[in-house]
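Here's the structure, in C-alpha cells; my notes come after.
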Amino acid sequence: MNTVRSFRNLIFLLDTIILLAVVASIGGAQGHNTIFFRANNAYREEKYDAAVRNYEQLVNSGFRSANIYYNLGNAYLRTGNKGKAILYYERAFRIHPRDADIRSNLNFARTLVEGSAGAYRTQWYEKVFLFLRGFLSTDEMTVLVSLLYFIIVIFLILGIFFKSQRKLFYYFAAAFLALFIIVLPSFIGGINRTGFQQKAVIMVKETEIRFEPNDDATVHFKLHEGAVIQITRSQKDWHQVRRYDGKMGWIKGDVFTVI
Amino acid sequence: MEKSMIFRTQRHFVIPFILLLILVCKSSAEDISVSASVDNRIVSVGNIITLAIKVGGTQSAGAPRLPNIEGFQGQYVGPRTQVSIVNNQSSLSISHRYYLKATKTGKFTIPSMVLNYKGTKYKTDPIEVEVVKGDGQWRSKAMTPEDLKQFIRLAIQTRKTTAYLNEGVLLLIRLYIRSGVEVRDIRYPTFPSAGFSVLPFGEATQRQTTIEGVRFRAVDFMTTVYPVTDGEMALGPAELDCNVLLTPSGTSNSLFDRRARYELTIKSDPHTITVKPLPTEGKPKNFSGAVGQYDFDVVAKPTSLKVGEPITLTMTVKGQGNIDMANIPEIPGLDQFKVYDPQIDVKKGGNTGEKTFEQVLIPTSDSVKAIPKIQFSYFDPEQESYITKTGGGTPIQVAPSDEAEPLQILEITEGKAVKREVLGKDIVYIKDEIGPVKRGDGHLYKNAGFLILQFLPLIGFAGILVYQKRRERFATDRTYARQYHAPRKAKKGLDLAQSLISSGKPQEFCSAIFKTVQEYLGDRFDLPVAGITIEVVESLRSRGISEEILEKLTNFFHSCDMIRFAGSDMSENDMNANLEIAREIISLLEDTK
C-alpha cells in the first residue's frame, strides 16, 4: 500500500516538473518576443534610447538573432552612436549574410566613419577561396561541411556493401569530396573570423595607434569611431591591430569591442 | 689492459722525443757555421735595428760579446733556437739577437764578431749601416702633447662659401697626421652650428697627402649643413678628440722605450659662410621652402572604381636637398572627394632623399573623371630660380555604387537626358519579427555534441569495413570458418548430451557426445569428420597436441566405442563423467593454439 502511494507521489512530482518546464519555456519565448515588440514600438515612436535599452536587455539575456542585432544597430545609429551601430550590424551580418537590409545599413554606417574607409577591401584570394563567406553564416557552413562529410562516408559504406556498384558509389564519394574541398576554405575562413583572428570596432571618437605597446611610443595613425580593425596579437592590455589597408600598430584594449 | 693504455698514451710523447734526440745527435755531427745579419742597413737617428748572429749546426753555442759600435748603442736581447727539416735533412741553429739604437748620422760598420764554440773560434763578416736624419729625430725626442700639435692639425672647410637659405652645403673636416705619428681612437669632430641644420657625419675616409714636402695622413669627415638664417654665419671652430702614442719625458735615453697614450683635443680655425635669403621675386604661392633639385611624381591607384571606394594617391618628391623642407603639395578641386589624413614616409641618404605622401581619396560622385593636377615648387640654387613641377591629372573611371540605391539616376525623355534625380540615403527600417533566436553565443562547431557526432560516421565506417572483411573471409576461407564456428558447435553438442543424461538414454548420449567431439576435432584441425576415429589421435601428435590431451582423447574414444558397439551399460554418473571429460578435452584444445 505504502509502495503504491510513493509511486503515485513520484509520478505527480515528475508531472509537475515537466509542466513547469513547459510553462517556463513558453513563458521565456513569449518574454523575449514581448521585449522585442516593446523595443520596436519604442523605435517607431522615435524613442530610440528606450528601444536601445529593450534590445540590449534581450542581448544581455543571451538571446542572439540577426534581427535583434539589426534593429539594435538601427537604434544606435539613430542615437548617433556609430561605433555600436556598426558593431551590431556586423554581428547581424555574420548571422545572416544574405540579408540585403543588413548589408545596406552596414554599408551606409561605414560611410559615416571618419578617417578611414571603415571596412576591409576584399582581396582576390578571399573572393576565390572564401566565396561562401558572403552567403552563409559560420553555423550554416558548419552544417554544410558536416553534411558533405556524412554523404562521403555513406557512399563509401554503400561501395563496401554493393560490390557490383562499388565504382559508381566511389565516383559519387569523390565528387562530394571535391565539393567538400571547395567548401572547406570558406568554413575555415569563417572559423578564423569568429575565433582566432577577431575583428573589432572602435568605440571612441578618436584613438591613436602607436608603433609600440606603450603610451610614449610614436603615433602611427589615428582611428575614428566605427572603424573596423583586426586584432592580430595581444600583450597585457595592449593589442596589435591591422587597419583596412594593412597598416598595423598597437592600441589599448578599452577603446574597442570585439565583433 | 691498463698497462697497454698507459703505454699507448706515453707513446705519443716518447716517439717524438726519440725522433728529436736522433735529430740532435745527427745534427751535432754537422759543421758549425756562423753568420751575422741586420734587419735594415739604412736607419734614421733614434731608430733601432736588430743584429742577429746565427750559429748553424748547434743550439748550445753561447752569445758572442757585443763590441762597441760607433754611432750605435747596443743591448743583447736573447737567443732564438730553430729546428728545420728540408728533404729529410734536419738542421739545428741558434740566433743571438741584439738591438742597436742609432745615435748619430753617418756611415758606420758593425765589426766582425768572434764566437768561441768548443775551443774553436768562428768569425762573422762586418756589416755596413748608414744612419740618416729623419722622423726618428722627433720620434726619439721626449714629446709632450703640446709639442705634438705641430704634427697633428684639424681644418674645417665647405665646398661653397656663399649659399642660399636651406641650401645643402657640403662640409669637410680634415684631420692631418704627420707620417710616423701614431694616433688612435679618433672620435667624430664636433663644432658649434648655430644657424645651421646639420646631418650626421658619414663614415670617415683616409688618404695620404703631402704638404710642403712633408707627408701627412688625412682623415676626412664629411657631412651636409643647411643654413637656416641668412647673413655671415660662422661654422666652427671644430674640435676632435683622439689618443696619441708617444715616448714619455725623461725616458728617451732608454733603449727600450715604452710608449704612453695621451688624450689630445685638436681644434681648427673657424669658417665663415655667407648665407643669402631666397629671392621674393617669382616665388610661387605653393612654395613651402624646399631648396635643391627635385623630381616630382604622382601615381593614382586604382583608376577604375566605384563611388565610395578609395583611391590611393602616391606623391613622391625625390632629389638633392633638405627633403625635410618638402611639405605635402596642396591638391586643388577636392570637392567631389572625401579626403583622409596622409601617410608620410621619408628616406634619407646624406644630401639626397625621397619623401612619399600617401593620400587616400574617396570619390563621392560618379561624375569625377580625373585626379586633380598637383604642383610642387622648389628653389634651385644652381639656376637661382624657382621651379614648379606638375603631376596628377590621371583620368579615372568612377562607376555608381552598387552597395545601395544609385546616388543619381539619369532621366531619359524621348532619348534625351534631361534631369538627374538625386536619391536620398538612409538606413533601411527595423524588422518586425524577431526571427530565429538562439541562446548564448556559442557556434555550432564549438558544440561538444556536434563534434562527437562527427566521429560516428568514421566509427561506423570502420566497423562496417571490419565486418565485411570478416564476412568475405568466412565465404572464401573454409578452414578459418570451420575453426571459428567449432567452439560454438561443440557447446551446442555438449548441451544436447547433457539433456540426454537426464532423459536416461545412454546410447543416444554416447552417439551425441562422440559426434560432438568428432565434429569439433574435424573443424578444429580441418579434417573430414567421418574419418575421425581413435586412429586419428596418433596423427594429432604431429600437430603439437600435448600427451595429456591425447591420452584423454584415447580414453574417451575407447569408452564411447565400448558403449556404442559393445552395448556396455552406463550409469548416469558414468555419463556425467564422460561429459565432463569431453568438456575438458574441448577446453584444453581451445587453449592450445
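Bear in mind that the values in this text are calculations on the coordinates, not laboratory data. All figures in this text were calculated on a predicted structure; none of them were measured in a lab. Backbone-built Cβ (ideal geometry, glycine too); neighbour counts: all protein chains shown.
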What does the average come to when, for each residue of peptide A:208-220, you count the partner chain Cβ atoms lying within 10 Å of its Cβ? 0
3J(HN,Hα) from dihedral phi, segment A:74-83, Karplus parametrisation 6.51/-1.76/1.60, rounded to Hz, x for glycine, proline: 4, 4, 5, 5, 5, 8, x, 9, 5, x
Would you mind calculating the gained length between B:LYS515 and B:GLU130 on full extension (0.36 nm times residue separation, minus the Cα-Cα distance), in nm to one decimal? 125.5 nm
Using +1 at the Cβ of each Lys and Arg and -1 at the Cβ of each Asp and Glu in segment A:199-258, identify which of A:MET203, A:SER234, A:GLY253 lies farthest towards the dipole's positive end. A:SER234
Arrange the peptides A:96-108, A:76-88 so that the one whose residues have, on average, the most other Cβ atoms within 10 Å appears first. A:76-88, A:96-108
All lysines inside 25 Å of B:LYS491 as judged from Cα atoms, apart from same-chain residues fewer than 8 positions distant: B:LYS505, B:LYS515, B:LYS552, B:LYS593
Rounded to whole Hz, the Karplus (6.51, -1.76, 1.60) HN-Hα couplings of segment B:196-211, x for glycine and proline: 10, 9, 10, 7, x, 5, x, 5, 5, 10, 10, 7, 9, 8, 10, 10
Lys pairs, segment B:24-134 - Cα-Cα below 29 angstrom, 8 or more residues apart or on other chains: 18
For B:VAL291, which sequence-distant residues (separation of 5 or more, or a different chain) have an amide H within less than 5 Å of its own amide H, given hydrogens modelled in the peptide plane? B:ASN322, B:PHE379
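Sorting check: for B:311-324, B:119-132, which peptide has the highest mean count of neighbouring beta carbons within 10 Å, and how do the rest follow?
B:311-324, B:119-132
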So which lysines can B:LYS160 reach, going by Cα to Cα under 25 Å and dropping same-chain residues fewer than 8 places off? B:LYS267, B:LYS276, B:LYS283, B:LYS318, B:LYS348
Treating cross-link reach as a plain straight distance, find the lysines whose alpha-carbon is under 18 Å from the alpha-carbon of B:LYS285, omitting any fewer than eight places away in the same chain. B:LYS373, B:LYS389
Shielding by partners for A:101-110, please: the mean number of other protein chain Cβ atoms within 10 Å of each residue's Cβ. 4
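How shielded is A:64-72 by partner chains, expressed as the average number of their Cβ atoms within 10 Å of its Cβ atoms?
Rounded to a whole number, the mean comes out at 5.
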